[in-house]
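So the structure is just underneath, and the comments pick up after that.
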Amino acid sequence: MKQLSAELFSSAAVGSPTMVPGHGGAQTNPERWVDEHGDCLFRYALVRVRRREVAEDLVQDTLLAAIRSREKFAGQSSERSWLTGILKHKISDYFRKLGRETSFTDLDSLADEFSEKFVPEGYWVHVKGPKEWKPEPDEVVHRAEFWQTMRHCLDKLPERIANVFMLREMDEVESKEICSMLSISESNLWVMLHRARMALRECLEINWFNREK
Amino acid sequence: MGTNVEDSNPRPPDDTSAIQPTGWLGKILVWTISGATPKCRDVVRILSEQMDHDLPLMMRLRLRLHFSVCCWCERYMKQLHYMRETARRFPEHTDEAGGPVLSPEARFRLKHVLNSQ
């Protein structure tokens, strides 16, 4: 985490909690945020950026931003969703900065990974083609094992491909916006998204949908 | 799918395509539609692009036609939407998804930084 020395750990640095009244009668207490939402925010950040130090920084930036804007939190959504929303913005900012500094285009990963799924003429090998997926999303969201499998499959994707997939599908950023954020061409983005979807689909089918049968 | 390709690429029992390559009419229909529409390898790429931008009407019609002989590409399209719907809900389910948590040191540092504000 940024600019903090080891001396903090030996001092009585953590002050007593201060309750700050927010709107709608809600009480906001940053220290409680760490206890109640810290792990959840950290896990989400880690799925997105894959590095502990970066994920910790993002959580810190999120909570600092939350302190600054807590007066605006009207209690219309849960505190968790409010904080997650701020974290998503911080993640976008992080990738925008990274996009200026490094190349995001990855056309090498998974280039030919799924050739065994198709016959040379370009049709599915029928017995290896996609199976029906049951149950429906509304039901599957209530199963913790599904989310564990989803995380496992996202973790297995090549990093850049996972980054663009999650920007597109988790944050719902439009593809043009992703291209300008990361300085990549639209056609390259489509190739990367296609590979992400193909690989994630395959992983979910093997580890979740077929496993249930 | 061409007739010869069909013979060497058997359809599993869960094939739910509307038009089956059975009987001479079925074989001709499957062969004709397969020839007139993109190959599955291209269809999956086009379906992914459709998640990010609109396709021309003619292409959408060709995909519909393709689905009539290929339940696998149609399932693929549904699964792209399935993944979108579930991925969007992932942030609400991070607790269930498990994974590493904040270290005690990181938790301590966070609290210190927040309290110093």
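Do you know which residues across segment B:69-85 are out of contact with any Ser or Thr (no Cβ under 7 Å at 6 or more places or on another chain) and more than 8 Å from chain A (Cβ to nearest Cβ)?
Taking segment B:69-85 and keeping what is out of contact with any Ser or Thr (no Cβ under 7 Å at 6 or more places or on another chain), we get B:72-79, B:81-85.
Listed by number, the residues that qualify are B:Glu74, B:Met77, B:His81.
Looking only at segment A:24-62, count every residue that is over 24 Å from A:Phe165 (Cα atoms) and touching a Pro at 6+ places or on another chain (Cβ under 6 Å) and tell me the total.
Start the filter on segment A:24-62 by keeping residues that are over 24 Å from A:Phe165 (Cα atoms), which leaves A:24-38, A:60.
Imposing the further condition that a residue be touching a Pro at 6+ places or on another chain (Cβ under 6 Å) reduces the set to A:29, A:31.
Selection size over segment A:24-62: 2.
Quick check on segment A:119-142. Is at least one of its residues farther than 30 Å from B:Thr16 by Cβ and either more than 10 Å from chain B (Cβ to nearest Cβ) or in a loop (DSSP other than H, G, I, E, B) (or both)?
Here is the first cut: in segment A:119-142, the ones farther than 30 Å from B:Thr16 by Cβ are none.
No, there is no match, as no residue in segment A:119-142 is farther than 30 Å from B:Thr16 by Cβ and either more than 10 Å from chain B (Cβ to nearest Cβ) or in a loop (DSSP other than H, G, I, E, B) (or both).
Checking A:Phe9 against (1) at pLDDT 85 or above; (2) in a helix (DSSP H, G or I); (3) not aliphatic (A, V, I, L, M): exactly one of these is not met. Which one?
Just one mismatch for A:Phe9, condition (1).
Run B:Ser34 past the list (1) crowded, with 20+ Cβ neighbours inside 10 Å; (2) more than 16 Å from the chain's Cα centre (by Cα); (3) more than 10 Å from chain A (Cβ to nearest Cβ) and report the number of the one that doesn't hold.
So B:Ser34 meets the others, but not (3).
Among the residues of segment A:179-190, is there at least one that is surrounded by 22 or more Cβ atoms within 10 Å (Cβ to Cβ), in a helix (DSSP H, G or I) and more than 11 Å from chain B (Cβ to nearest Cβ)?
Yes: segment A:179-190 contains one or more residues that are surrounded by 22 or more Cβ atoms within 10 Å (Cβ to Cβ), in a helix (DSSP H, G or I) and more than 11 Å from chain B (Cβ to nearest Cβ).
In segment A:72-102, what residues are within 14 Å of chain B (Cβ to nearest Cβ) and not polar (S, T, N, Q)?
A:Glu79, A:Arg80, A:Trp82, A:Leu83, A:Gly85, A:Ile86, A:Leu87, A:Lys88, A:His89, A:Lys90, A:Ile91, listed by residue number.
Got a number for residues in segment B:7-23 being surrounded by 15 or more Cβ atoms within 10 Å (Cβ to Cβ) and over 22 Å from the mean Cα position of the chain (by Cα)?
Residues in segment B:7-23 being surrounded by 15 or more Cβ atoms within 10 Å (Cβ to Cβ) and over 22 Å from the mean Cα position of the chain (by Cα): 1 in total.
Is it the case that some residue within segment A:103-118 is at the interface with chain B (Cβ under 8 Å from one of its Cβ atoms) and either in a helix (DSSP H, G or I) or without any contact (Cβ under 8 Å) to a residue 60 or more places away in the chain (or both)?
yes
What are the pairs, 6+ residues apart or on separate chains, where a residue within segment A:62-73 that is more than 20 Å from A:Tyr44 (Cα to Cα) has its Cβ under 6 Å from a residue that is modelled with pLDDT of 85 or more?
A:Phe73/A:Trp82
So in segment B:37-57, with the set limited to residues that are in contact (Cβ under 8 Å) with a residue 24 or more places away in the chain and not polar (S, T, N, Q), which one is nearest to the other protein chains (Cβ to nearest Cβ)?
Top of the filtered list is B:Cys40.
Would you confirm whether any residue within segment A:147-163 is at the interface with chain B (Cβ under 9 Å from one of its Cβ atoms) and assigned to a loop (DSSP other than H, G, I, E, B)?
No, segment A:147-163 contains no residue that is at the interface with chain B (Cβ under 9 Å from one of its Cβ atoms) and assigned to a loop (DSSP other than H, G, I, E, B).
Look at A:Gly75 and say whether it is modelled with pLDDT under 85 and either surrounded by 13 or more Cβ atoms within 10 Å (Cβ to Cβ) or at positive phi (or both). Let's see the steps before the verdict.
Details: modelled with pLDDT under 85: yes; either surrounded by 13 or more Cβ atoms within 10 Å (Cβ to Cβ) or at positive phi (or both): yes.
Judged against the criteria, A:Gly75 is a match.
The values are calculated or read from the model by the stated rules, or taken from the named source; none is laboratory data. Values in this document were obtained by computation on a predicted structure and should not be read as measured data. FYI the Cβ positions are ideal-geometry reconstructions off the backbone, even for glycines, and counts take in every protein chain you see.
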